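What follows is a set of notes on a single structure, which appears directly below.
The values are calculated or read from the model by the stated rules, or taken from the named source; none is laboratory data. Please read these numbers as outputs of a predicted model, since none were measured by experiment. All Cβ positions, even for glycine, are placed from backbone atoms using ideal geometry, and neighbour counts span all protein chains on display. Note: accessible area is taken over every heavy atom of the protein model, side chains too, but ligands, DNA and RNA are not part of it. Shrake-Rupley method; radii C 1.70, N 1.55, O 1.52, S 1.80 Å.
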Amino acid sequence: MFKKFVFFMVLALLTLTVGCQQQQARRPVSHSSGAFMKASVERNKKLIKNEETKIDSIIKSNTNIQYIASKKGYWYYYDKKNTTDTLRPKKGDIAFFDYEIKDLNGNIIYSDLELKGQSYRVDKQTIITGLQHGLKLMRKNETVTFLFPSHIAYGYHGDNRRIGINEPIICKVTLTDFRPENKLNEQ
């Protein structure tokens, strides 16, 4: 019996010794060279360049319109400019606007009747990146036409209805009003 006890003790001690050794980190099963990421970056660069070429041709064909290039990667012009007001929507304000969406050929995707009466809590709600930045450039009662490349519009996914994947769009936006969030309930 004593021999069995010693045998189990030695076995337990051996198990603890082997089990408590420092484990070595496992190497990854697959070694990635980054080729997929490099190819993806190149594909996106080509896509953006192609969209910007199309937008550039629209701008060059409309010589009577003065387009403004934004620092955020889109172009716009004023259909109706408000030169008397100085205030613009800022973070937390509620912006009220109407807009329509067209493709780059000028075909209406969503009419202004379908998209009438929008509200947006500036920088606190989800909206396409282009409109998020564009609305902050506008003053009350201004109408601005934006040319958005797909990456700041509906992107790779589209809108699952009428706007396709990687589709640049033209948005004509009218900012009807904006108010600070805390003043909204007072009226």
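Key figures
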item	result
Derived scalar couplings ³J(HN,Hα) [the range 149-166; Karplus, 6.51 cos²θ - 1.76 cosθ + 1.60; whole Hz; x for Gly, Pro]	x, 4, 5, 10, 10, 9, x, 5, 8, x, 10, 6, 10, 10, 9, x, 5, 6
Per DSSP, loop chymotrypsin sites (Phe, Trp or Tyr not before Pro) in the range 81-187 with at most 11 further Cβ within 10 Å	Y156
Rh (Kirkwood; distinct C-alpha pairs) - the range 102-187, Å	14.0
Kirkwood Rh, Cα atoms: Rg over Rh of the range 42-107	1.03
Fully extended contour minus Cα-Cα distance, from F5 to E114, at 0.36 nm per residue	30.8 nm
Option label - Cα Rg over 2.2 N^0.38 Å computed here, alternatives (i) 1.81; (ii) 1.08; (iii) 1.16	(i)
Extension gain from F36 to N82, taking 0.36 nm per residue of separation minus the Cα-Cα distance	11.7 nm
Solvent-accessible area, 1.4 Å probe, carbon plus sulfur percent, for the chain	54
Residues of the range 91-187: accessible area per residue with a 1.4 Å probe, Å²	50
